[in-house]
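Chemist: Have a look at this one.
A short reminder: the numbers here are calculations on the coordinates, not readings from a lab. Just so it is clear, the model here is predicted, and its values are computed rather than measured. With ideal geometry, Cβ positions are generated from the backbone for all residues, glycine too; neighbour counts draw on all protein chains shown.
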Amino acid sequence: MKNEGVASRGFAYMEMEKNWGLVRTLLGGTSAMRLAGETFLPKYGAELQEDYLIRLKRAVLTNYYGSTVKHLVGKAFAKPLVLQEDVPVQIQEWAEDIDLQGTHLNDFAANLFAEALGIGFAGIMVDYPKQLPGVSLAEERASGARPYFGLVPAENILGVTTGKRASNIVMARLCEEVVVPDGEYGEKLSKRIRVLIPGGYRLYEMMDKDEYILVEEGSMSPMTRVPLVPVYGKKVRAWVGIPPLLDLAYKNVQNYQMDSDVDNAIRVACFPMLAVSGWDVESDPKIKVGPNVVLATSDPAGRFYYVEHSGAAINAGRQRMEDLKAEMAMMGLQMMMPRASGDATATETQVKYAEATSDLQRMAFSLKDSLENALQIMAEWVGLPDGGSIELKGQFALPRDAASEVQALIALRAGGEITSKTLLSELKRRDFLPDDFDVEREQELLAMEGPGYEVGQ
């Protein structure tokens, strides 16, 4: 049975995917940025392809975006999450290996948080091992079969159809790739679409290009709803989320491009160009340049001289990059800046979100809700009345006095009263920057890369 529309992308998917190329590539590091080529490192107007490829191979990404995501996840999970007393003993035991891959619930939650923070959206699929023919549910339970979590990347959620309430999923379509045997020894990648409906599923496999054939269908009894839970970075609406640090991603690309520009300028500056006036190309022999060589021209007024780069543009570029570093550091800190609680609203969830001390804590509240919903689905799989609740005990906001210090440092830098090195050093000293951020080393590299650049400028 063919189904040509099963792999189509929903409106929510298309709205979110415009950001995925940018943030996924940044999270992939230098190799991913180089592979993207002109997408994030455009060619100069008259640049030859050969010269561009050389410049591309020399380009290195300083991954402020990935480092900031990692740092914020570390803050949010500075202390392990806590399963409350209302979590059934069974589920507490399953939390030790929540995905049947050896992952503890705390690590799963941290990975999920990183996905939501970096990409903007993800899903939790609460699945159950496929029931074998002729085996009763009681026999399966006795054998150790039990529900488990699966992290679904945003790119794999093709579309979700809901009822009047966003939580009431009528149908969800997930794409997946699995490695299957190919002959006696070989393997191949199989592309599939899993269609989830309340109480059941259908599995389609791609046979030819964009042609999917129904290969399997079955029941998910006793589950009566679609066991999929959304997780948001910055929620736009139901089933749509964007990366909270999207502006930082754009700044990071700008820094990557500028770094390539400055590096290329330094390369040019290191090789002065020989210039000559009064040289008749047709009558004079070719000029040889090197030791023990005399340069001559038939024109008595002719002369030879070198044209060198002044270095002024290089220093200006390096200074702009330093300013960019400070701007990007501030963007990461904004997620932890204390904010006004806002007015109390009608629903419990809205009140809780309004009371969040920072944007990072708002995300943590959202993650907590998603995890608790997933625990509830896990309980429903095995007939338990309640999945229980959890508590996240990380560091979600800067103390108000610390936030004031940061604002003061930023103001001093903006007024030119302190250097960017001092700003970054103070931010790291206060544990506002990642542990692996080496201010001194970066300053040394800058001093070596740019002529006339002095450490601490």
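Chemist: Take peptides 152-159, 29-36 and line them up by average Cβ neighbours within 10 Å, highest first, as a rough protection proxy.
Modeler: Working: 152-159: 19.8, 29-36: 15.2.
Highest to lowest by the protection proxy: 152-159, 29-36.
Chemist: To continue, here is another question. Among Lys18/Lys368; Lys234/Lys325; Lys191/Lys393; Lys75/Lys325; Lys130/Lys393; Lys235/Lys393, which pairs are too far apart, with a Cα-Cα distance over 32 Å?
Modeler: Numbers: Lys18/Lys368 27 Å; Lys234/Lys325 24 Å; Lys191/Lys393 39 Å; Lys75/Lys325 21 Å; Lys130/Lys393 36 Å; Lys235/Lys393 22 Å.
Over 32 Å apart, Cα to Cα: Lys191/Lys393; Lys130/Lys393.
Chemist: Please order Trp239, Trp381 by the number of other Cβ within 10 Å, starting at the fewest.
Modeler: On the way: Trp239 25, Trp381 19.
The fewest-first ordering by Cβ neighbours comes to Trp381, Trp239.
Chemist: Moving on. List the residues of segment 182-206 whose backbone N lies under 20 Å from a point placed 7 Å from the Cα of Glu17 along the Cα-to-Cβ direction.
Modeler: Of the residues in segment 182-206, 190-196, 204-206 have backbone N under 20 Å from the label point off Glu17.
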